[in-house]
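Asker: Below is the structure I would like to discuss, written out as structure tokens.
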Amino acid sequence: MAALKRIALVTGAGSGIGREIALALLADGYGVVLAGRRLPALEETLALAGTTAVNGLVVSSDISDPASVKFLFAQTVRHFGRLDLLFNNAGVFAPPVSLEDMPIEQWRAAVDINLTGAFLCTQEAFRVMKMQQPRGGRIINNGSISAHAPRPFSVAYTATKHAITGLTKSTSLDGRRYDIACGQIDIGNASTDMTILMKKGILQANGSTEIEPTMAVSHVARAILYMDSLPLDANVQFMTVMATNMPYIGRG
């Protein structure tokens, strides 16, 4: 294994934004732990890395399960010896139904993965980063445009993404004494398999259905690389990367 730039852990690395970020980090010389529930999807991501796949480690894990998260971070340290960057990316949508019709099981699933999962990973990252030498590291949370403004029928996803902003702020504050920096990237309409509906038409706040502009997901990867390129005494606290013409400014 060649000398590595830094060590990163990406949750939800089996598809979409997580896959793109994991591949970009590997291409930039990082050692990368690819985490997610679907082992075949993680292995497919790593295979796409080509010659840099040797610097990747696939770990099947359920971030809503504390024991699984502990195992994930133990494997990270066992394999690479340290952790410099955690990208809390894994997340799920709930069914697009009106608030009063949201099944409690779907609400809890969104909270467990989108919020509790990010908290559990952050907690384990703290335990690693505060003890390693050199001390510290960076945590980047995948917020969302929904951390600022909701779409119709998105109560569970929107509530958890607003909560991620609180987690980001608390992590940033509590991490100072350990040289742990925490920032948040809020992504709008990055083109992945999860945004196919935007190209076909998606429900707007006024009840109409409109096709929305998207942007290449590679722009998100470039933003993450920039955020982590800073020394730990500098931090991008919040960054919004979005398709220029998407209906966010003025949404609703």
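Asker: Could you check region 89-101 and list, in sequence order, the residues that are assigned to a helix (DSSP H, G or I) and either in contact (Cβ under 8 Å) with a residue 24 or more places away in the chain or closer than 28 Å to Val54 by Cβ (or both)?
Answerer: Matches in region 89-101: Leu99 only.
Asker: Output the residues belonging to region 102-117 that are in a loop (DSSP other than H, G, I, E, B) and either buried (at least 16 other Cβ atoms within 10 Å of the Cβ) or in contact with a helix residue (DSSP H, G or I) (Cβ under 6 Å, 6 or more places away or on another chain) (or both).
Answerer: Listed by number, the list holds a single entry, Met102.
Asker: Follow-up. Being surrounded by fewer than 19 Cβ atoms within 10 Å (Cβ to Cβ) and not in a loop (DSSP other than H, G, I, E, B) narrows it down to one of Ile196, Ile187, Ile224, so name that one.
Answerer: That would be Ile196, the only listed residue that is surrounded by fewer than 19 Cβ atoms within 10 Å (Cβ to Cβ) and not in a loop (DSSP other than H, G, I, E, B).
Asker: Could you identify the single residue in Leu86, Leu57, Leu72 that is in contact with a His (Cβ under 8 Å, 6 or more places away or on another chain) and either of a type outside the set (A, V, I, L, M, F, W, C) or not in a loop (DSSP other than H, G, I, E, B) (or both)?
Answerer: None of the other options fit; the residue is Leu57.
Asker: Failed condition for Ala27, given (1) free of Cβ contacts under 8 Å to residues at least 60 places away in the same chain; (2) of a type in the set (A, V, I, L, M); (3) closer than 19 Å to Tyr226 by Cα; (4) surrounded by 24 or more Cβ atoms within 10 Å (Cβ to Cβ), with all others met?
Answerer: Among (1) free of Cβ contacts under 8 Å to residues at least 60 places away in the same chain; (2) of a type in the set (A, V, I, L, M); (3) closer than 19 Å to Tyr226 by Cα; (4) surrounded by 24 or more Cβ atoms within 10 Å (Cβ to Cβ), the lone unmet condition for Ala27 is (4).
One line per residue, one yes/no per condition, for (1) surrounded by 19 or more Cβ atoms within 10 Å (Cβ to Cβ); (2) farther than 19 Å from Thr122 by Cα; (3) of a type in the set (Asp, Glu); (4) within 16 Å of the chain's Cα centre (by Cα):
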| position | (1), (2), (3), (4) |
| --- | --- |
| Ala53 | no, yes, no, no |
| Asp65 | no, no, yes, no |
| Val69 | yes, no, no, yes |
| Thr76 | yes, no, no, no |
| Arg82 | no, no, no, no |
| Leu85 | yes, no, no, yes |
| Glu100 | no, yes, yes, no |
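Asker: Here's another thing I want to ask about it. Given the conditions (1) free of Cβ contacts under 8 Å to residues at least 60 places away in the same chain; (2) closer than 21 Å to Ser98 by Cα; (3) touching a helix residue (DSSP H, G or I) at 6+ places or on another chain (Cβ under 6 Å), and given that Asn206 satisfies all but one, which numbered condition is not satisfied?
Answerer: With respect to (1) free of Cβ contacts under 8 Å to residues at least 60 places away in the same chain; (2) closer than 21 Å to Ser98 by Cα; (3) touching a helix residue (DSSP H, G or I) at 6+ places or on another chain (Cβ under 6 Å), Asn206 is out only on (3).
Asker: Now for a different question. Could you list, in sequence order, all residues of region 114-155 that are among the aliphatic types (A, V, I, L, M) and under 22 Å from Thr240 (Cα atoms)?
Answerer: Correct list: Leu115, Ala118, Ile139, Ile140, Ile145, Ala147, Ala149, Val155.
Asker: So, of the residues in region 1-24 that are within 29 Å of Thr214 (Cα to Cα) and in contact with an Asp or Glu (Cβ under 7 Å, 6 or more places away or on another chain), which turns out to be surrounded by the fewest Cβ atoms within 10 Å (Cβ to Cβ)?
Answerer: This residue is Ser15.
Where a number appears in this text, it was derived from the coordinates with a stated rule and is not lab data. Predicted, not measured: the structure shown is a model, and the values here were computed from it. Neighbour counts are summed over all protein chains in view; Cβ atoms, including those assigned to glycine, are modelled from backbone coordinates with ideal geometry.
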